[in-house]
Every structure is written in structure tokens, then in C-alpha cells.
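The values are calculated or read from the model by the stated rules, or taken from the named source; none is laboratory data. Given the structure is predicted, the values throughout are model-derived calculations rather than measurements. Neighbour counts are summed over all protein chains in view; Cβ atoms, including those assigned to glycine, are modelled from backbone coordinates with ideal geometry. Surface areas here come from the heavy atoms of the whole protein model, side chains and all, with no ligands, DNA or RNA. Shrake-Rupley method; radii C 1.70, N 1.55, O 1.52, S 1.80 Å.
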Amino acid sequence: MPQGALESLFADFDEKPFHARQLMRWVYQRGITDFDDMTDLSKSLRQKLRESTCIQLPEVLSRQNSKDGTVKWLFESGFGQAVEAVFIPEPDRGTLCISSQVGCALDCAFCATGAQGFNRNLSAAEIVGQVWHANQALPRRSNDAADFAVTNVVFMGMGEPLANYRNVVPAIELLISDLAYGISHRRVTVSTSGLVPNIDRLGDECNVSLAVSLHAPNNALRNELVPINKLHPIETLLDACWRYAGKRANRFITFEYVMLRDINDSLEHADQLNRLLTGKPAKVNLIPFNPFEGNDFARPEADTIARFQNRLRENGLVATTRRTRGDDIDAACGQLAGKVSDRVRVRLGAKKLGERKLGVATL
Ligand code: SAH
Ligand code: SF4
């Protein structure tokens with residue numbers, strides 16, 4: 001519950017709203033989840049809290065440590081399901097990559113999460129619980145007790161965050177609240193495959209960084225790789241991106257582009273990308289494809305990726321290549337599979353669109 005909702009809860013208890021602030025500091029900043037340990041709350045208030053609320057954290061099923069320092073946790077999400085979160089340490093920051101859904105319905109061709117299908121949305125508690133756990137499990141960055149390991153959060157784990165808008169927004173509110181983690185909104189990044197209406201809503205409601213999974217510079221190819229493109233084609237998506245950028249001063253949109261051998265990695269593709277993005281508030285982040293079982297995609301040679309990146313730069317685009325981290329424990333981009341029993345697969349084939357109204361409506 002973000003601060004506003006907690007204050008309403010205390011009002012329902014006939015208690016003062018400032019208790020919400022006390023409770024948030026206990027839970028997030030001191031890691032205390034037993035009401036009895038919250039010594040500045042009166043006994044009667046603790047009793048009321050115990051009777052009608054609970055603080056529940058996702059159970060950790062496993063933790064794996066990569067030789068490069070990356071850490072991956074598998075969290076129980078009920079009924080035999082599980083989601084993953086990955087911590088990526090760097091000298092100047094600690095990034096936690098979190099999941100927003102159990103699986104994903106959007107079925108991008110090159111993604112292990114998509115290959116598993118979709119089971120359900122995570123609650124705001126399950127989303128923030130991943131950050132809570134990482135901050136408790138990892139050492140502080142300094143002797144200061146408030147100097148948590150997680151300095152940056154990216155919604156780049158399992159799931160499409162903008163398809164779970166209702167729960168992602170309160171989770172973001174907690175990440176940036178000074179009473180919880182106080183992470184600057186610039187250090188929280190939502191990555192989306194392009195759910196246009198919710199990009200606009202996010203722009204109005206949440207001032208966070210936006211990354212967009214573009215992956216192809218024309219609609220014919222993007223329809224194949226990122227099927228949601230059939231609903232929100234590139235032009236519509238880019239318009240939404242520029243609207244988003246326009247709402248924030250000096251704000252760039254990051255465009256993720258997974259490099260797939262002989263599919264989207266030619267210089268012609270780079271030139272098409274330039275035509276779409278040059279002169280706009282855009283940065284390109286190339287992601288060398290990370291393999292997983294059961295598909296035929298391959299990662300291009302390092303030379304090919306470098307040539308592609310240089311071609312973008314020659315035309316004035318800011319382009320970087322994402323360093324692969326944690327691939328020895330299947331923690332790299334696109335490798336997160338968790339445990340998902342597929343309940344809904346939204347296949348956006350031409351004829352299926354109308355038939356699967358329910359799935360489409362929830363996007
Ligand atoms: N659903 C959101 C966020 C999760 S995926 C989205 O699609 O943006 C985070 C990033 O990893 C996305 O850009 C995604 O397209 C990319 N990705 C997926 N599978 C990958 C793979 N096998 N190798 C490299 N990147 C991959
Ligand atoms: Fe879902 Fe993102 Fe994977 Fe596409 S890339 S299937 S939107 S998690």
C-alpha cells in the first residue's frame with residue numbers, strides 16, 4: 001500500500017494518518033515485518049493491525065550467484081508458480097531487475113518468458129517484495145544503514161509491466177517514496193514492448209524513465225518479432241514515446257534492440273533505425289541475444305554488433321551495447337523463465353484479434 005492508501009486505512013481505524021509514515025519506515029527502511037516490534041505504535045494500534053492486516057513477503061525458493069557477481073532469486077508465487085528477480089552490481093550502482101507478471105502473454109518470438117505463456121499479474125506487494133528481499137539479503141553499500149544495495153530498479157524481469165498497470169503504479173510509488181526506498185524517479189525504469197495507451201497514462205501519472213522494446217525498424221519485421229506491434233504499430237508507438245519525452249525536460253527514451261543474427265542486424269536495418277530515431281530524444285541500447293532452449297535464434301558475431309552500433313553513431317544517435325551479465329545462471333535479459341503454467345496466450349494473429357477480446361482488453 002502506498003502512503004495515501006495506508007493513511008486511509010488508519011483513518012478507518014480512527015487513528016492519526018501519521019502512523020502510516022511510522023509503519024512505512026519500519027517495513028521498508030528497517031526491514032521489520034512483525035507489528036510487535038514496531039515499538040512507537042501503541043499496543044492497541046498494533047492489535048488492530050494484527051487483526052485486520054498482514055505483512056506478507058514472497059517466499060524465496062532459491063538464490064543463485066553468478067561468477068560475475070549477479071544474483072538471481074526465484075520467488076514463490078502460489079500454486080506451483082514462481083517468478084525471478086536479478087541483482088546486477090556495478091561499481092557506481094546496484095540494479096535490481098524485477099518481475100511484474102507470472103509469465104507474459106505477449107509472446108515475443110525471442111523471449112523465454114513469452115515462450116512460457118501467462119498465468120497472472122503480480123500484486124503491488126509481490127512486486128515491491130522483490131526489492132524488500134534484495135535489500136535485506138544483500139550487504140549495504142556503506143556503513144550507513146540507509147545505504148541499500150538497490151540503487152536502481154528496472155521493470156525488465158518477467159512480464160509486461162504496462163499490462164499490469166494497476167499494480168505497477170503503486171509499486172513505483174513505494175520505490176520512490178522517501179518513507180520507503182527513496183529511489184529517484186530517474187533511477188526507476190519501466191520497460192515496455194509498446195502498450196501505447198498505458199505509455200500515455202504512465203507519462204501523466206508517473207515520472208519514471210521509459211525503455212521501449214523496439215527490436216525491429218519496420219512493421220513487417222516487428223509484427224513477427226513483437227506481435228503486439230499488430231495492435232500498436234511503430235508510428236503509433238513512436239508518437240507515444242515523443243509525447244512521453246515531451247512531458248519531461250531533457251528526458252530521453254531508451255530503445256532496446258535485441259540483436260538477432262541475420263534477422264535484424266544488417267546495416268540496412270541500422271539505417272532504417274536511424275531514419276526513425278535521429279533527431280529525436282532517443283538512445284539505443286543493443287542487447288546481444290541471449291539463448292535459451294527451444295528456439296532457433298542466434299547471437300550475431302561481436303563484429304557485426306560493433307558495426308551496427310557504429311553505423312548508428314555515425315548518424316548522431318547515442319547507441320550502447322548492453323553487457324551480458326549473469327548468463328551462467330540464466331539470469332541475462334530474456335532468460336528469465338521462473339515457473340509458469342500458461343493460462344492465457346494472447347496470439348495477436350490477424351484473425352485472433354477479435355476473438356481474443358478479453359486478452360486484448362486487459363492489455
Ligand atoms: N516486457 C518488457 C520487459 C521485460 S523484457 C519488455 O518487453 O520490454 C526486458 C528486455 O529483454 C526487453 O527489451 C526484451 O525484449 C529483452 N529480451 C527478451 N528476450 C531476450 C533474449 N532472449 N535476449 C536478449 N534480450 C531479450
Ligand atoms: Fe513479454 Fe517482454 Fe518477453 Fe515480450 S519481451 S514476451 S513483452 S516479457
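Placing +1 on the Cβ of every Lys and Arg and -1 on the Cβ of every Asp and Glu, with nothing else charged, gives the chain a dipole about its Cα centre of roughly 540 debye.
Go from 0 up to the bin containing the longest alpha carbon distance in the chain, width 10 Å each, and give me the % of pairs per bin. Pairs per bin, as whole percents: 5, 24, 33, 25, 10, 3, 1. Computed over the chain, relative contact order equals 18 percent, with contacts defined as Cα pairs under 8 Å that lie 6+ residues apart.
Output the peptides 302-315, 41-54, 224-237 sorted from most to least packed, where packing is the average of other Cβ atoms within 10 Å over each peptide's residues.
Working: 302-315: 15.8, 41-54: 13.4, 224-237: 19.1.
Descending packing order for the listed peptides: 224-237, 302-315, 41-54.
Mean projection of the Cα convex hull over all viewing directions, computed for the stretch 3-52: 3.1 nm². Think of it this way: in the chain, C54, C97, C104, C206, C241, C333 stand alone, with no other Cys Cβ under 4.7 Å. Using protein chains only and a probe of 1.4 angstrom, how many square angstrom of D92 are accessible, to the nearest 10? Estimated to the nearest 10 Å², D92 gives 100 Å². The solvent-accessible area of M1, taken with every protein chain present and a 1.4 Å probe, is close to 110 Å².
Ignoring aspartates and glutamates fewer than eight residues from K16 along the same chain, the ones with Cα atoms less than 16 angstrom from its Cα are E7, D40.
Under a Gaussian network description of the chain, with springs only between Cα atoms under 10 Å, the residue in T324, T151, T189 that fluctuates furthest is T324.
Full-extension gain between K230 and K43, please, as 0.36 nm times their residue separation minus the C-alpha to C-alpha distance. Once the chain is fully extended between K230 and K43, it gains 61.6 nm.
Here the chain has 49 percent of its accessible surface on carbon and sulfur atoms, given a 1.4 Å probe and all protein chains in place. Label sites at A145 and T320, each approximated as a point 7 angstrom past Cα along Cα to Cβ, lie 3.4 nm apart. Taken per residue, the accessible surface of the chain reaches 45 Å², heavy atoms only and a 1.4 Å probe. Could you compute the FRET efficiency for L61 and A249, with r as their C-beta to C-beta distance and R0 at 45 Å, rounded to 0.05? With a Förster radius of 45 Å, E is 0.55.
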